[in-house]
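Notes follow once the structure below has been shown.
The values are calculated or read from the model by the stated rules, or taken from the named source; none is laboratory data. Predicted model, so just to flag it, every value in this text is computed and none were measured. Cβ coordinates were reconstructed from backbone atoms using ideal geometry, including for glycine residues, and neighbour counts include every protein chain displayed. Accessible surface areas use protein heavy atoms only, side chains included; no ligands, DNA or RNA. Shrake-Rupley method; radii C 1.70, N 1.55, O 1.52, S 1.80 Å.
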Amino acid sequence: MNDSRLNRPIIIDLPKICDPRGNLTFVEGGAQVPFEIRRAYWIYDVPGGESRGSHAHISSHSLIVAASGSFDVELDDGQQVSRFSLNRSYKGLYVPPGYWRTLDNFSSGSVCMVLTSTDFSEADYVRDYDLFLKMKADHAL
Ligand code: TYD
C-alpha cells in the first residue's frame, strides 16, 4: 500500500469473492488497509434520524465499512468538509487521524463496522469541535 494514502480519506475497494452461495469480502491489516488492525467495533440498531461520531481521533486510523445497509460519513479536516455515502459491504472508507467525523442517514437495519489501529482510549478522542479547530490551526492534530 502506497504511503501517500496514509494522509487523506479514501474509499478502498476490498476483495470480493463472488459465489452463487453468497459473496465474501475480507481485509488484512497492512495489505488492503494502510495500518495494522488492532480493534473492531460495530454500530447497529441506530434509530431513524440519529447520528453517531462527532469527534476526531488523535492517532487512531480507521476503516469504516457499511457491513449492511447504508449511511453517510462526513469528514471535516478543519477547512474542508467531505461527505461519503457507504452502501456496499466490499467498500471501506479509510479515515486517517485528525478528521472530525459524523455518521448519519443510517438506513433501517444498517451495520457500521469500524476497524481501527489502536486499543480503545478516551485520551485519543477530541470531542470538542472548537478544540478540534484550535488543534488543527496549531498543527497539533
Ligand atoms: P464513541 O466512539 O463515542 O461512539 P460514536 O463514535 O459512535 O459516537 O463511543 C461510544 C461509547 O462507547 C463511549 O462511552 C466509549 C465506548 N467505547 C468503548 O468502550 N470501546 C470502544 O472500542 C469504542 C469504539 C467505544
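All of (1) within 23 Å of ALA140 (Cα to Cα); (2) touching a Phe, Trp or Tyr at 6+ places or on another chain (Cβ under 6 Å) hold for HIS57 with one exception: (2). Quick one: which of ASP124, ASP138 is over 23 Å from GLY49 (Cα atoms), surrounded by fewer than 18 Cβ atoms within 10 Å (Cβ to Cβ) and within 16 Å of the ligand (Cβ to nearest atom)? Result of the check over ASP124, ASP138: ASP124. Could you tell me whether the stretch 27-45 includes any residue that is among the small types (Gly, Ala, Ser) and either touching a residue at least 40 places away in the same chain (Cβ under 8 Å) or open to solvent by less than 40 Å² (accessible area, probe 1.4 Å) (or both)? Within the stretch 27-45 (the criterion being among the small types (Gly, Ala, Ser) and either touching a residue at least 40 places away in the same chain (Cβ under 8 Å) or open to solvent by less than 40 Å² (accessible area, probe 1.4 Å) (or both)), the answer is yes, since at least one residue qualifies.
Does ILE58 satisfy being closer than 17 Å to ASP119 by Cβ, within 14 Å of the ligand (Cβ to nearest atom) and either open to solvent by less than 50 Å² (accessible area, probe 1.4 Å) or at pLDDT 95 or above (or both)? It is true that ILE58 is closer than 17 Å to ASP119 by Cβ, within 14 Å of the ligand (Cβ to nearest atom) and either open to solvent by less than 50 Å² (accessible area, probe 1.4 Å) or at pLDDT 95 or above (or both).
The set of residues in the stretch 8-63 being polar (S, T, N, Q), assigned to a loop (DSSP other than H, G, I, E, B) and in contact with a Lys or Arg (Cβ under 7 Å, 6 or more places away or on another chain) consists of ASN23 alone.
In the list ASP76, ASP3, ASP72, ASP19, which residue meets the criterion of being acidic (Asp, Glu), at pLDDT 95 or above and open to solvent by 30 Å² or more (accessible area, probe 1.4 Å)? Walk me through it before giving the result.
On the way: ASP76 fails: open to solvent by 30 Å² or more (accessible area, probe 1.4 Å); ASP3 fails: at pLDDT 95 or above; ASP72 fails: open to solvent by 30 Å² or more (accessible area, probe 1.4 Å).
When all the criteria are applied, what remains is ASP19.
Looking across the stretch 98-121, just one residue is more than 14 Å from the ligand (Cβ to nearest atom) and more than 30 Å from ILE17 (Cα to Cα), and that is GLY98.
Quick check: is even one residue across the stretch 112-134 touching a strand residue (DSSP E or B) at 6+ places or on another chain (Cβ under 8 Å) and farther than 20 Å from TYR41 by Cβ? Lay out the reasoning, then the answer.
Taking the stretch 112-134 first, the residues touching a strand residue (DSSP E or B) at 6+ places or on another chain (Cβ under 8 Å) are 112-120, 124-127, 129, 132.
Retained after the next criterion (residues that are farther than 20 Å from TYR41 by Cβ): 129, 132.
For the stretch 112-134, residues touching a strand residue (DSSP E or B) at 6+ places or on another chain (Cβ under 8 Å) and farther than 20 Å from TYR41 by Cβ: present.
Being outside any strand (DSSP E or B) and away from the ligand (no atom under 16 Å from the Cβ) is the requirement here; does GLY78 meet it?
On the way: outside any strand (DSSP E or B): yes; away from the ligand (no atom under 16 Å from the Cβ): yes.
Considered against the rule, which asks whether it is outside any strand (DSSP E or B) and away from the ligand (no atom under 16 Å from the Cβ), GLY78 comes out as yes.
Only a single criterion out of (1) open to solvent by 50 Å² or more (accessible area, probe 1.4 Å); (2) touching a Leu at 6+ places or on another chain (Cβ under 8 Å) is not satisfied by PRO97, namely (1).
Can you tell which of LEU131, LEU103, LEU141 is part of a helix (DSSP H, G or I) and not β-branched (Val, Ile, Thr)? Don't jump to the end; show me each part of the working.
On the way: LEU103 fails: part of a helix (DSSP H, G or I); LEU141 fails: part of a helix (DSSP H, G or I).
Only one candidate passes the filter, namely LEU131.
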